[in-house]
Amino acid sequence: MEVEPGRLRLIGQVVALLANYCWVELDQLGPTGLSRLLCTRRTRLGKSGQTIAVGDRVWVDGIDWPAGRAAVAALEPRQSLLERPAVANVALVVVVVALAEPELDLLQLTRFLLTAEATGRPVQLVFSKADLVSPDEVASWCQRAAAWGYDALAVSTSSGEGMEPLLQRLAQPGIAVLCGPSGVGKSSVLNRLCPELGLRVAAVSGRLQRGRHTTRHVELFPLAPGALLADTPGFNRPRLPADPVALGPLFPEIRQRLGLGCCRFSNCLHQGDPGCAVGSDWERYPLYAQCLSDLLLDGERTGRVADSPDGSGLRRRGQGLEPRLAPGLRQLSRRRQRQQLLDGEEDGQAGTGKVTDFSRPDLAD
Ligand SMILES: Nc1nc2c(ncn2[C@@H]2O[C@H](COP(=O)(O)OP(=O)(O)O)[C@@H](O)[C@H]2O)c(=O)[nH]1
Ligand SMILES: [Mg+2]
Ligand SMILES: [Zn+2]
């Protein structure tokens, strides 16, 4: 191959993203035996609107071997994308929630599961800190999760319970991502699986019993040959999809029911209307209704217009569109919305499309 030394292009994978730089692990060793380069981003990547995420396959050039530096010149198409935290080419999304400390919040768990489902990739639910509750409670949570459609694993990094089955699940080729609220033990799990890493772990602190943020950015760690595991910074309120019709299929319960029969209207929002095949006789139905209500209200606030009010489960009231929900749920939703505004918009950190945002630590605490 005839290439100018300075123009040599090599392919690799983004393993960490820091402010304006990223670390790229090359598929092959360089002449100095180096395989990891600190790379800047070429401006034309930015101008074409392309952003880099951890997990992206990229071409680098302008390699300065002695300094271990290069520039990302091009991005390969992605197979999948976990939106927040941004991780590309994910093979498995692992949603981790603690059975205690912090107390399990079903709505928050559901939002994490929705973000995970939105990748279209398999989702593994993990209940952590199993040592803090009784074996009966652990079994009962696993049963509930099974009814939602998840084959959950209960683990404890303190007692070691469940760690071997988790390792087996994760040590598959490709990228697995640990995501979930802060303080649930994601970094502890990674440390237990790869003890040589010595990641920072913080004590759960403060009145909210959330963990302090010690994981500052998304990073991929080798777990087994070909298997990479990403630890992610905790954040506490993942976003919902923008389109209300897209929400339903992110619930395995709804997918399963739609597999057995169709709703009368293709844009059905499954709110108990006649001709709806989904019904409300499943545990997470109120959470579905809550998420739907939240996303419709979010859409209103951000000026997003929900389409086709007729037959879509929306009705007009004044200028806005409202979901057809029980008054109690509506009330709860308004309260939640006000609370969000008071909380200072945890969600406002995401989705600006800038590369630097991907590496932002969680500011929620
Ligand atoms: N009791 C108990 N505590 C744990 C377990 N795993 C982690 N922790 C504690 O939970 C806190 C938060 O852990 P960390 O790994 O930083 O959580 P992350 O924010 O999800 O990465 C730390 O004080 C850990 O020692 C566990 O299995 N059992
Ligand atoms: Mg962490
Ligand atoms: Zn329906």
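General remarks:
- Among (1) open to solvent by less than 10 Å² (accessible area, probe 1.4 Å); (2) out of contact with any strand residue (DSSP E or B) (no Cβ under 6 Å at 6 or more places or on another chain); (3) acidic (Asp, Glu) - the single one residue 61 does not satisfy: (2)
- Condition met for residue 290 (buried (at least 18 other Cβ atoms within 10 Å of the Cβ), modelled with pLDDT of 95 or more, more than 30 Å from residue 25 (Cα to Cα) and outside the structural domain of residue 36 (by TED's automatic domain parsing)): yes
- Qualifying residue in region 101-121 (condition: assigned to a strand (DSSP E or B) and either in contact (Cβ under 8 Å) with a residue 60 or more places away in the chain or more than 14 Å from residue 178 (Cα to Cα) (or both)): no
- For region 172-198, the set of residues classified as among the hydrophobic types (A, V, I, L, M, F, W, C), part of a helix (DSSP H, G or I) and surrounded by fewer than 23 Cβ atoms within 10 Å (Cβ to Cβ) consists of 193, 197, listed by residue number.
- Picking from residues in region 254-276 that are over 30 Å from the mean Cα position of the chain (by Cα) and among the charged types (D, E, K, R), the one that is nearest to ligand 1 (Cβ to nearest atom) is 273.
- Test result for residue 266, closer than 24 Å to residue 109 by Cα, among the small types (Gly, Ala, Ser) and at pLDDT 70 or above: no
- Within region 231-284, the residues that satisfy the criterion of being within 13 Å of ligand 3 (Cβ to nearest atom), among the aliphatic types (A, V, I, L, M) and open to solvent by less than 60 Å² (accessible area, probe 1.4 Å) are 245, 247, 254, 269, 277, 278.
- When residues in region 111-129 are screened for being more than 16 Å from ligand 1 (Cβ to nearest atom) and within 26 Å of residue 160 (Cα to Cα), 3 of them pass.
- Scan region 158-204 for residues that are modelled with pLDDT under 80 and closer than 23 Å to residue 134 by Cα and the total you get is 2.
- Search result, residues across region 55-87 that are under 26 Å from the mean Cα position of the chain (by Cα) and within 18 Å of residue 37 (Cβ to Cβ): 55, 56, 57, 58, 59, 72, 74, 75, 76
- Per-region count, region 122-171, residues buried (at least 21 other Cβ atoms within 10 Å of the Cβ) and basic (Lys, Arg): 1
The values are calculated or read from the model by the stated rules, or taken from the named source; none is laboratory data. Source: prediction; values computed, not measured. Counting neighbours? That spans all protein chains shown, and the Cβs are built from the backbone with ideal geometry, glycine included. These area figures cover heavy atoms from the full protein model, side chains too; ligands, DNA and RNA do not enter into them. Shrake-Rupley method; radii C 1.70, N 1.55, O 1.52, S 1.80 Å.
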